[in-house]
Structures are given as structure tokens and as C-alpha cells.
1. I need the calculated FRET efficiency for the pair Gln99 and Met1, taking r as the beta carbon distance and R₀ as 25 Å, to the nearest 0.05.
2. Can you tell me which of Thr196, Thr102, Thr162 moves the most in a GNM of the chain? Springs connect C-alpha atoms under 10 Å apart.
3. Just need the relative contact order of the range 69-149 here, percent rounded to a whole number, with Cα pairs under 8 Å and 6+ apart.
4. May I ask you to list the residues of the range 34-48 whose amide nitrogen lies under 14 Å from a point 7 Å from Cα along the Cα→beta-carbon direction of His67?
5. Considering the chain as a Gaussian network with a 10 Å cut-off on Cα pairs, which listed residue, Thr108, Thr93, Thr274, attains the greatest mean-square fluctuation?
6. Could you grab the Rg to Rh ratio for the range 178-300? Cα atoms only, Kirkwood for Rh.
7. Could you give the nm distance between label points at Thr46 and Arg8, where each point is 7 Å from its Cα heading toward the beta carbon?
8. Return a whole-number percent for the relative contact order of the chain, with Cα pairs under 8 Å and 6 or more residues apart as the contact set.
Amino acid sequence: MISGYVRRAGLVDVLGAFGRTNVQGEEQQKLDVIANDTMIQSIAYTGRVCVMASEEDAEPFPIPEEHNPGKYVLLHDPLDGSSNIDVNVSIGTIFSIHQRVTESGPGTLEDCLQKGRGQIAAGYVIHGSSTVLVYTVGRGVHAFTLDPTIGEFLLVNPDIKTPEIGKYYSINESYYQRWSDGYRRVVQEFKGVESTEHRKNARYIGSLVADFHRNLLSGGVFMYPADSKAPHGKLRLLYEASPLAFIAEQAGGAASDGVTPILDIQPTELHQRTPLLIGSRGDVAFVERTVAEVDSVAAK
Ligand code: P6P
């Protein structure tokens, strides 16, 4: 349903700003609101979830008693990268599913604030040249392509494994002046300034799901570090970093905030942000090692 709206953007009145800012302080696009409403209408009343939490809503949405709250918790970013919608760049829906921790009835914030390590399932749908669903339930990562002629997702890429060392590095280099010395050194290494040992190609789309998906398949490392303006980074832990970290680890990759594995971070707020380093395991380890070495020296 969301793919249907995204693919008709420009033909039906779904482009442009909705005229409201969300809890993130970001101007909501019409498609953000449509995607969010679609997720709620499709899932909230199925009896499977007790609470839903969205990037677009300040508070969790507890499922009312009369709609038989279920045993799962759904955290989602209904349409990530929506600033890219009007320019036809790939965007994505990201979801994270936990088992509830409260006994029964409408779910609570406590049900939402669980470590990523406890996820039951996680995944995303990328609306790119085709619509691809990538998910894991802890038994590998599998990709399905939507065949719009039959309205079904068909399995095209079972048991995805991401290369140990990747082809790409992804970071917004316009923030160079705000990075720590460690991240500056990492990017110099990836550019092959002094030696080509760690040289990689640069690819940065500015749409997390698109950057992540490319690196998952081709190998690579995506970095959105904390910096002098964003001390906790920009990306959100619960419905962006955590589900993608589950996918990355299940595909043989890694994800951390630069020090702690994303899946081991105990959330304290629904929309809390985290620095994110995610992708090929060897590349993530290289970045963690280099940043630790350089910044510890700089700190002395
Ligand atoms: P920047 C899109 O707005 C988003 O949330 C992610 O999809 C993307 O990776 C990131 O922000 C891009 O942020 O600061 O590089 O423009």
C-alpha cells in the first residue's frame, strides 16, 4: 500500500509538505503522514500488537482493550528519508518487533524501551527501482521483491551474507569540520590519502535504508557519528539503528555506536538518537579501532 502511494507520487496529491512538524522537529511530508496512517490502520487492530511507536508520533500508541491487544510491540519509521521523496530518491520503511514485557492489556512505553538484542524480528522495505522487503527473525536475512502484477513479495535473495570487508564507505563529508580527529583519520584512510590499504569508493545517498541496503549487498560501512553539533548523532536508536543492526549482525556484519554494539544499548527514551557505525564486520572493527586510537591520543 505504501509502495503504491510512493510510486504514484506526482500523479496523485501525495507530494510536498503536510504542513506540520513531527516530534523530531522535522517538517512532515504528506507521504510521511500517509505511510504512518497506513501502518496504523493495517496493523493496530489485528490483535497482534499491544502498542505501536512511530518516528512520526511523540508518544506510543497503546492498542485499546476493545481491539484485543496482542503480544508483540511494533516500532517503526514509516518512511525514512522522506526529504528524498520529491526528488525520486529511494526511501524506506523500517520496522522492529519485540515481545511485550507487560502482562496484558494496552502496551506501554516500557514495552517499547527494550534492548535491540531482544528483537523478535526486524526489517525494512526499500522503495527503489523495485520494492524490496528485507527481514530477519534471527535465522538469517532474506530479501523479497514485490511483484506488482500479482501484489506478492517473491523470495529473490535468501540468507544474505554481507562481505567481511566492503567496497564502499558512506558518510556525509560536509560535516568534516565537526568530526573528531578519529573520524577524520578514518575517512583519510578510506580515501587512500597516504596508503591504498583501506581505500574504498564513496557512496552516500542521504537515505539511510538505501545506503544500508547497498552496503549490505556489496559490503561497506555507513557512518553517522556524533559530532560537535549532534552529540548523540542524528539517527534514532529504536526504529532505525536497532532494526538495521539486527539485520547487519544476522548477515555477518556489525553495528555499534562506535564503542557499544547497538543491540546492547538500553533505551531510555522513545526517540533517543545514537551515533551509528554499521555494515561489514571488518570495516566496522577498523573504524572502531582507528577512532579509539586517534581520539584517545587527542584526548590526552
Ligand atoms: P544528513 C534522512 O533524513 C535521514 O534520516 C536518513 O535517512 C539519512 O541517512 C540521514 O537522515 C541523512 O542525514 O545529515 O546526512 O542529511
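The values are calculated or read from the model by the stated rules, or taken from the named source; none is laboratory data. Everything numeric here is computed off the predicted structure, so don't read it as measured data. As a convention, Cβ positions derive from the backbone with ideal geometry for all residues, glycine included, and neighbour counts pool all protein chains shown. Ligands, DNA and RNA are excluded from the accessible area calculation, which covers all protein heavy atoms including side chains. Shrake-Rupley method; radii C 1.70, N 1.55, O 1.52, S 1.80 Å.
1. So the FRET efficiency works out to roughly 0.45.
2. Thr196
3. Here the relative contact order equals 24 percent.
4. Of the residues in the range 34-48, 36-48 have backbone N under 14 Å from the label point off His67.
5. Thr108
6. 0.95
7. If labels sit at Thr46 and Arg8, their model points lie 2.2 nm apart.
8. Once normalised by length, the contact order is 16 percent.
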